[in-house]
Amino acid sequence: MEKAGISVAQVTAMTPVAKAVGSNRIVQARGIVYPLGDAELPANEEKDLRRRIVQQALDALATEGWTTP
């Protein structure tokens, strides 16, 4: 998609795999089962966690030449 001019942010718990396939914008997920959340957290904390991860992905999309944090 990047080659077609469409920016992509990959949210993943498997960062080495994302790097291996050449992803440019990688955002660290919480875990494999719940990449954008954590069922063990209280609802309000999980909501904050989700917002942070999604915001990181949006920031990655808005940044030219993003590097993995």
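A 1.4 Å probe over all protein chains sorts 36, 49 by accessible area into 36, 49, starting with the largest.
Once C-alpha pairs closer than 8 Å and six or more residues apart are averaged by separation and normalised to the residue number of segment 7-69, the relative contact order reads 37 percent. Qualifying GluC sites (Glu not before Pro) in the chain, where qualification requires a DSSP coil assignment and no more than 15 other C-beta atoms within 10 Å, comprise 40, 64. When 23, 7 are compared by accessible surface with a 1.4 Å probe, the order from highest to lowest is 7, 23.
Across the chain, Cα-Cα distances exceeding 21 Å account for 27% of all pairs. Quick check for you: which residues of segment 20-41 have the amide N under 16 Å from the point 7 Å beyond the Cα of residue 13 toward its beta carbon? Correct set: 27-41.
In the chain, helical runs assigned H by DSSP with n ≥ 4 each contribute -39500 (n - 2.57); averaged across all residues and rounded to the nearest 500, the mean residue ellipticity at 222 nm is -12000 deg cm²/dmol.
The values are calculated or read from the model by the stated rules, or taken from the named source; none is laboratory data. Note that this is a predicted model, so its numbers are computed, not measured. Backbone-built Cβ (ideal geometry, glycine too); neighbour counts: all protein chains shown. Heavy atoms of the whole protein, side chains included, go into the accessibility calculation; ligands, DNA and RNA do not. Shrake-Rupley method; radii C 1.70, N 1.55, O 1.52, S 1.80 Å.
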